[in-house]
Amino acid sequence: MLIVLDRDGNVVNVNRHTCLTLDREEDALVGHEWFEIALPEEYRAEARRLYALSYQAWEETGQISYDPFDYENEVEARDGTR
């Protein structure tokens, strides 16, 4: 999946694979907050926190984060499947 987010975590662009995986049309994703629309609730707070840190690091240093880190979460399709 390819997802482009803005500073606030809103979807700016997605590829077709993202739409197929989430069983959503592009217009149901673009303009909406990624974490709310595509992540199961138990992942949202941590994903938002890490995204904010990564974005801040990118603005300050030009790098994705201050320290390398790995983070994975499930995504949730429209019907609730993960």
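Miscellaneous remarks
- Most mobile of ARG16, ARG44, ARG24 in a GNM of the chain (Cα contacts under 10 Å): ARG16
- Applying the Karplus relation 6.51 cos²θ - 1.76 cosθ + 1.60 with θ = phi - 60° to the stretch 27-44 yields 3J(HN,Hα) values of 6, 7, 10, 5, x, 10, 6, 4, 5, 6, 8, 10, 10, x, 3, 5, 9, 4 Hz, where x marks Gly and Pro.
- Sparsely packed GluC sites (Glu not before Pro) within the stretch 1-72, loop by DSSP, other Cβ within 10 Å at most 12: GLU25, GLU72
- Here ASN15 and GLN56 are evaluated by their C-beta separation; at R0 = 25 Å the FRET efficiency comes out at 0.45.
- The largest-to-smallest principal axis extents of the Cα set in the chain are 38, 24, 17 Å.
- The chain: most fluctuating residue of TYR51, TYR43, TYR71 per GNM, C-alpha cutoff 10 Å: TYR71
- Inter-probe distance in nm under a simple model that places probes 7 Å from Cα toward Cβ, at ASP79 and LEU5: 2.7
Computed from the coordinates by the stated procedures, all read-outs in this text should not be read as laboratory data. Given the structure is predicted, the values throughout are model-derived calculations rather than measurements. No Cβ is skipped: glycine too gets one built from the backbone with ideal geometry, and neighbour counts run over all protein chains shown.
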